[in-house]
Structures are given as structure tokens and as C-alpha cells.
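*Asks:* The structure that follows is given in the form of C-alpha cells.
What follows is calculated from the coordinates using simple rules that are stated; it is not laboratory data. These numbers come from a predicted model, not from an experiment. Note that each Cβ is placed from the backbone with ideal geometry, even for glycine, and that neighbours are counted across all protein chains shown.
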Amino acid sequence: MQVNLKFIMMSVCFFMLVGCSDEKIKNKPIYQKSEEIMDLLNHSQWEKAGDEAKAISDLYKKSRWKLQLLGGEMEYSELEQEISKLKISIEEKDKREAKTNIVLIQDYIKAIYFR
């Protein structure tokens, strides 16, 4: 009986880890847009990056209720703030700050889905 319980617990832990793969997070629209913006920033395409930042903002507004259900209040409110900061950083053409905002956006998305 002890062996079966141990096997069941190990199986549950394994499936939880596999189910929360980074690949699933990278398929989320906000995460994908953030990667596109990072690429645009690396090529100094500020206008397109601004358009994509607006698209992230729109995606966030459309899916806010889902994010509220999945994550804690801190994660989704901080995500919203970072999206706003990203738009401003791109307007000011501050590459370092914009990249920081993107990394934080990606971290908040991971925190929401891995929670």
C-alpha cells in the first residue's frame, strides 16, 4: 500500500510539472506579442513596436476577467501597470526601459498561469 501511495504522489507531481510547461505560456497571445515587440525593439522599429504595445493593451482588456480568475490581484494589476509603462517607454524610445517592461510582462504572465 505504501508503494502505491508513493507512486501516485510521484505521478501527480510529474503531471503537474508537465502540465505547466513553458511552451503553453509562450502560446498565450500577450506573451507572443511581447516577444514580437522585443524583436521590433532590437531592430529599432519604434512605430511597429508602438502598434504592438497597443495590441497587447487591447488583448489585456479583452482577457482581463480570465487573468483575474487565474491569478492573484497583484499579478494582474502589476501586469496592467507594466503594459502602460511599456507604451510610454516605446513612445519615449527608451529601449532599455521597454525591454525591462517586456521581461516583467512575461514574468507576470508566467506567474498567472503557473499559480
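*Asks:* Hand me the GluC sites (Glu not before Pro) from region 60-115 located in a DSSP loop with no more than 13 other Cβ atoms within 10 Å, in residue order please.
*Replies:* E92
*Asks:* Where does each of Y113, Y60 land when they are ranked from fewest to most other beta-carbon atoms within 10 angstrom?
*Replies:* Y113, Y60
*Asks:* Distance cut-off 25 Å, Cα to Cα: go down the list K66/K110; K62/K95; K62/K110 and report the pairs above it.
*Replies:* Correct reply: K62/K95.
*Asks:* Sticking with this structure for a sec: Say each of E36 and S77 gets a label point 7 Å from the Cα, pointing the same way as Cα to Cβ; how far apart are those two points in nm?
*Replies:* In this crude label model, E36 to S77 measures out at 3.0 nm.
*Asks:* Can you sort S57, S84 so the residue with the fewest Cβ neighbours within 10 Å comes first?
*Replies:* S84, S57
*Asks:* Starting from the Cα coordinates of region 22-114, work out the convex hull volume and express it per residue in Å³.
*Replies:* Dividing the Cα hull volume of region 22-114 by its residue count gives 76 Å³.
*Asks:* Can you give me the distance in nm between label points at W65 and E91, each placed 7 Å from the Cα along the Cα-to-Cβ direction?
*Replies:* 2.9 nm
*Asks:* Which of I30, I105 has the fewest other C-beta atoms within 10 Å, and how do the rest follow up to the most?
*Replies:* I30, I105
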